[in-house]
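S.K.: Got a structure for you, written out below as structure tokens; questions coming shortly.
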Amino acid sequence: MSGADRAHRGTIFVEDAEVLAHEAFEGGQYVIRLQSPKCAAAAQPGSFVHLTCGPGIPMRRPLSIMRTSAREGWIDILYKVVGQGLASLAERKPGERLSSMGPIGKGFTAHPERPRTLLIGGGVGIPPMVFLAEALAADADGRWKPLVLMGSEIPFPFRSRPSTILVPGIPDGTIACMPLLDGWGVPSRLASLAGFPGCFHGYVTQLADAWLGSLDAAALAEVEIFACGPTPMLRACAELARKFALPCQVSLEEYMACAVGGCAGCAVMVHGPEGPAMKRVCVDGPVFDAERVFPAAA
């Protein structure tokens, strides 16, 4: 067992989690709330759970945590039905129980010297951004100024509305937000090519580019990027970080069999000072420095 594996010993819990609520949204998207108190108490933004999906589905599925309540002991998971396993999960009803193993993985680390945190979520990469935004908003000792940008080509898994929070540098007409974030005082804006009202027409990284381009040097020096979504989006985020000379952390999405570092099926190439090496997304990540995963082309 490697040092990385030993570091996770005692911090991953297997719980018989009760389904408290299960809400369906357009596009085959669901938010499930599970009573999983040990996971809820230990989870950090970027953590995920390895969840059983239902009878007859032997393999667990890795799913990002969107929200937690350590006091009430629940976790929220947003997922989109892809494949037999998640189709089975979508059939689970309140009162049923699922085996939850988590929290797993290395999460995001926000640095106080860069309080302008730019959170970019695409599709099923939205949950970790919500989790991180809530943690920053709850940090009474911090001076965080988070901005959350979300992109989707299917309807968003919430009812969007015009934001009540002004964001200088955001293109005119881009006013749709996630109401939950607005309620926390965290500004958010939405991007899509699907023509949804109030959304930026384009990729979420193009919206981020427009906002970053509006900042002066002093403001840019306070920015750090955090991102989760499909690989092309994360690669674009890494390029955006290079363009503006910003640090950027990305959460990778890879298929996982064991999710605890044993099978190495989720290994990806990561570039470091000593050269490239294979790292396991489940325990060495899922969060990595963007430049190490998506280095500049030679």
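S.K.: Which residue pairs have Cβ atoms under 9 Å apart, sit 6 or more places apart or on different chains, and have a first residue in the stretch 77-95 that is closer than 11 Å to ILE32 by Cβ and a second that is among the polar types (S, T, N, Q) and in a loop (DSSP other than H, G, I, E, B)?
M.R.: Final answer for the pair search is LEU89/THR52.
S.K.: Checking GLY105 against (1) touching a Cys at 6+ places or on another chain (Cβ under 7 Å); (2) on the phi < 0 side of the Ramachandran plot, only one condition comes out false. Which one?
M.R.: Just one mismatch for GLY105, condition (2).
S.K.: I need the helices (runs of 4 or more DSSP H) fully contained in the stretch 186-282, keeping only those with at least 1 residues that are over 16 Å from the mean Cα position of the chain (by Cα) and of a type in the set (Asp, Glu).
M.R.: Once the helices (runs of 4 or more DSSP H) in the stretch 186-282 are filtered for at least 1 residues that are over 16 Å from the mean Cα position of the chain (by Cα) and of a type in the set (Asp, Glu), what remains is 204-213, 231-243.
Condition check ((1) surrounded by fewer than 18 Cβ atoms within 10 Å (Cβ to Cβ); (2) touching a His at 6+ places or on another chain (Cβ under 7 Å); (3) farther than 15 Å from ILE120 by Cβ; (4) in contact (Cβ under 8 Å) with a residue 12 or more places away in the chain) across all residues:
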residue	(1), (2), (3), (4)
PRO171	yes, no, yes, yes
SER188	no, no, no, yes
VAL204	no, no, no, yes
ALA208	no, no, no, yes
ALA217	yes, no, yes, no
LEU220	yes, no, yes, yes
ALA227	no, no, no, yes
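S.K.: Something else: In the stretch 9-37, what residues are buried (at least 17 other Cβ atoms within 10 Å of the Cβ), among the small types (Gly, Ala, Ser) and not in a strand (DSSP E or B)?
M.R.: Selection gives SER36 alone.
S.K.: Right, next: Is there a residue in the stretch 179-192 that is farther than 24 Å from SER64 by Cβ and among the polar types (S, T, N, Q)?
M.R.: no
S.K.: Any chance you could count how many residues in the stretch 88-119 are over 26 Å from LEU190 (Cα atoms), assigned to a loop (DSSP other than H, G, I, E, B) and of a type in the set (Lys, Arg)?
M.R.: Here the count works out to 2.
S.K.: Something else: Could you figure out which of (1) closer than 20 Å to GLY95 by Cβ; (2) buried (at least 18 other Cβ atoms within 10 Å of the Cβ); (3) at pLDDT 95 or above isn't true of CYS53?
M.R.: In the conditions (1) closer than 20 Å to GLY95 by Cβ; (2) buried (at least 18 other Cβ atoms within 10 Å of the Cβ); (3) at pLDDT 95 or above, CYS53 misses (3) alone.
S.K.: Same structure, new question: Which one is farthest from ASP289 (Cα to Cα), of the residues in the stretch 71-90 that are loosely packed, with under 14 Cβ neighbours inside 10 Å and modelled with pLDDT under 95?
M.R.: My answer is GLN84.
Per-residue answers, yes or no, for (1) in contact with a helix residue (DSSP H, G or I) (Cβ under 9 Å, 6 or more places away or on another chain); (2) modelled with pLDDT under 95; (3) assigned by TED's automatic domain parsing to the domain that holds ALA218; (4) part of a loop (DSSP other than H, G, I, E, B):
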site	(1), (2), (3), (4)
GLY121	yes, no, yes, no
ALA133	yes, no, yes, no
TRP144	yes, no, yes, yes
PHE158	yes, yes, yes, yes
ILE165	yes, no, yes, yes
ASP182	no, no, yes, no
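S.K.: Is at least one residue of the stretch 197-219 among the β-branched types (Val, Ile, Thr) and modelled with pLDDT under 80?
M.R.: Checking the stretch 197-219: not a single residue is among the β-branched types (Val, Ile, Thr) and modelled with pLDDT under 80.
The values are calculated or read from the model by the stated rules, or taken from the named source; none is laboratory data. If you're wondering where the values come from, they're calculated on a predicted model, not measured in any experiment. Using ideal geometry, Cβ is built from the backbone for each residue, glycine included, and neighbour counts are taken over all protein chains shown.
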